[in-house]
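Data block below; observations after.
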Amino acid sequence: MPKIKSHKGTKKVLNVRNSGSIKVGHPGQRHNTGKKNAASNRNGRVASTLSKADSNRFKKVQF
């Protein structure tokens, strides 16, 4: 049986917390943040939790 490769795109975006919930960042925070207002930049720094339905979809994906 071959090893299962981890999904690299998912690995770069998602993180599993100790509680089992999946941590994900807010979209739109990579570049062009100078034209966005300061409140959206601040809110984008805070991590968010993936929804229950989406976290069930990622149970099968290795990351």
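What follows is calculated from the coordinates using simple rules that are stated; it is not laboratory data. Here the structure is a predicted model, which means the values were calculated and not measured. Note that we place each Cβ from the backbone using ideal geometry, even for glycine, and neighbour counts take in every protein chain shown.
Taking 20 °C and 1.002 mPa s as conditions, the chain diffuses translationally at an estimated 159 µm²/s according to Stokes-Einstein applied to its Kirkwood radius (Cα pairs). Taking label positions 7 Å along the Cα-Cβ direction at both Ser21 and Arg57, the computed distance is 2.0 nm, reported to one decimal.
With a simple spin-label model that places each label point 7 Å from the Cα along the Cα-to-Cβ direction, the separation between Ala47 and Lys12 comes to 1.9 nm. Close Lys pairs in the chain (alpha-carbon distance under 25 Å; sequence gap of 8 or more, or different chains): 26.
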